[in-house]
Amino acid sequence: MLSQNIIDKIVRQDILVDELLDEELALFCQTANLAYRSGNPIISNEDYDFIYLAKLKNKEPNNPLLKSIEPEGRAFAEEKVLLPELMLSIDKAYSWNKMSKWIERLEKSAMLIGLDLNSIQIKATPKLDGFAGFDDGNRLYTRGDGKKGSDISRVFKRGLCVFKDSGRGLGAGEIVVKKSYFEKYLAHSFEYPRNFQSSLIKEKALDEQAQKAIIDKGALFVPFIKLPIWSGFVTELVAKFEEIIAKVLVMVDFDVDGVVFEVINIDLKTQMGANRKFHRWQIAFKENKDIVQVKVLSVIPQVGRSGKITPVAEIEPTLLSGATIVRVTGHHYGLVKEQGLGIGSVVELTRSGLVIPKIISVLKPMPVDIPDNCLSCGKLLVWESDFLVCVNHKNCPAQIIGRITYFFKVLANNDGLGIATIEKLYAHNIRSVSQIYTLNVERLMAIGFGEKTSINLISQLSRSINEKIEDWRFLAAFGMHRMGLGNCENLLKSYRLNDIFDLTLEQLTNIDGFAELTAQVVIQELVSIVDEYNQIYQYHFNLDTTVFTKDLQILMHELFDKRIVFTGNMSYPRNEMKKHAKSVGIKISTTMSTKIDYLVIGRKVGQKKIQDAEELGVVVMTEADYLSKITIQ
């Protein structure tokens, strides 16, 4: 078995693939494959397929490992599937200051609906440090990106039980291992429980330790709704915050990395709603207890797709919260100058939420090295406020590669077109997304890709065109400044995609969310992408057109402007049901309240949900009744 130190060196390419022994290469491929299947990849799909696995195949074509893990290109074929419901992230607070700001937002929202501030109810549950998934009763999915995940129902077929012997179909939760079980049977082999949990879902036969953990019920799927809770009024939360945290953290025999707080009042939850990332009525408090002091070895400038130069501090390899940290961002060069982040600096480091390495402070400032020229193209850098920027946007290699990679990442309907592939294409004079769509198998093979890989890449390009995506997502993929997913969707609620390039400043500023400064930037950005847009648009992408806000006014069907909640297993994917409902003027909610007009029920709905709806005065409607009024397109 490779040590974690060796794995880390291979990942950051301190040890190159050509320097590995055959046995080490095979073991690394096995490790990378397992990490990928667990949803926590340590290298990109492209590096895995094109570098490590391809090298193993060339050196040892008969290696038995090649028969037990996917061959070159198979990663492309395993497409993600839509989750029954969106699994949003949870906003996080690492201090009482941020918690208090969240509470202030609760109180402001309560005032808007006339709710007495002393009546705001809160519940708290342990935040599990496991492997997130969603169980709809038929299949278990990984969380993936929150919209699409992988089917890992095999873990239930292997005997994995649900916490408290509850039934299936209880929605979101996590696969975890009991702390007591881990300490007794697994601590000698794994440093942290989360390092073991990923082995439970791998595709191939489980090893003896994983199978035993399932049989002994040491490993379980824990639905969030089955977790023990603390509940009380917001005034009690404020008065006894530390006491509540201490109590909730020890409620379960699982590894936890924080406490999740959420509003109980249904009307208040409805009022606060959600953004694209998380529910506003929910927050996780996480303490960064693991803090280390470490020496900075160098500060390396990295060029982003927009031209901003990000300083990355390379530090002495440091074990922190179970991971070896070798790099940490310095955010921007204004901060580097201010803090004295240079070679030899001593920094205080933590991992935000045990995930992202973060510099808390610079304890020992040192002279800083501010680059004069872009590391990628050599052009003179300029200061824009606190940011150091390369303004050679059209010809800087790092920016071009970054923009192309971003395009395919935002489309989110393709595999294999990551940075390693894009860098290889760039090295053969491919300079734009539109050029990539002109490629064929023969051209890719001439560039140096294998036949199977070339076929897969062309297949994924075709998939990116034919698989339906929202028109606002397509627009956002061009990476315009100040035009993220939200602004793109708002824009296309007022104007058709092909009409936006002729908009005036006045027309843009009349759209909600577009102040004059933003509108000026957007007009410049639209001019900069119009030629590339026209080249790409000609391939007739399968775009789901955003419904005009004004067009919704002419929809006079029975459910127009009504607020509904979907529950249970539906004949159609839940996300598609919600998307169509919105397109015909129906308001969608995820929680029940007196403001809800209809509860639309599918299969396997608990009687309590129906009773709760009736008590709130909500009309219960079967899926068949709903479909008779609204036709799913």
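Of note:
- Segment 587-626 and segment 393-470: distance between their alpha carbon centers, rounded to Å: 45
- Stokes-Einstein D (µm²/s) once Rh is taken as the Kirkwood radius of the chain over alpha-carbon pairs, at 37 °C in 0.692 mPa s: 120
- Since only 292, 273, 427 are under comparison, the one whose Cα sits farthest along the positive direction of the charge dipole of the chain, derived from C-beta charges on Lys, Arg, Asp and Glu, is 273.
- Residues residue 604 and residue 561, FRET efficiency given R0 of 45 Å [Cβ-Cβ distance, rounded to 0.05]: 0.95
- Rg and Dmax of segment 111-166, based on Cα coordinates, read 17.5, 51 Å.
- Its relative contact order, with pairs defined as Cα atoms under 8 Å and 6+ residues apart, puts segment 489-582 at 32 percent.
- For the chain, the residue among 440, 480, 588 whose Cα projects farthest onto the positive side of the dipole built from Cβ charges is 588.
- Mean sequence separation of contacting Cα pairs (under 8 Å, at least six apart), scaled by the length of the chain, corresponds to a relative contact order of 11 percent.
- Which of 327, 496 has the fewest Cβ neighbours within 10 Å, and the rest in rising order: 496, 327
- Debye-sum result for segment 469-544 in log10 I(q)/I(0), which assumes one identical scatterer on each alpha carbon, at q = 0.13 Å⁻¹: -0.33
- Among the cysteines of the chain, those whose beta-carbon sits 4.7 Å or more from every other cysteine beta-carbon are 29, 161, 488.
- As a rough footprinting exposure proxy, the listed residues 410, 391, 296 were ranked by other beta carbons within 10 Å of their own, and the order from fewest upward is 391, 410, 296.
- Taking only alpha carbon atoms, segment 149-268 gives an Rg to Rh ratio of 1.03, where Rh is the Kirkwood radius.
- Length released on extending from residue 373 to residue 15, taking residue separation times 0.36 nm less the Cα-Cα span: 126.0 nm
- Placing unit charges on the Cβ atoms of the charged side chains and taking the dipole of the chain about its Cα centre, the candidate lying farthest along the positive direction among 345, 93, 27 is 93.
- Along the chain, longest interval not containing exposed GluC sites (Glu not before Pro), exposed being DSSP loop plus at most 16 other Cβ atoms within 10 Å: 288-466
- For the chain, size of Cβ-based charge dipole, Lys and Arg +1, Asp and Glu -1, in debye: 960
Only the coordinates and a few stated rules stand behind these numbers; no lab work does. What you see is a predicted model, and the numbers here were worked out from it, not measured in a lab. Using ideal geometry, Cβ is built from the backbone for each residue, glycine included, and neighbour counts are taken over all protein chains shown.
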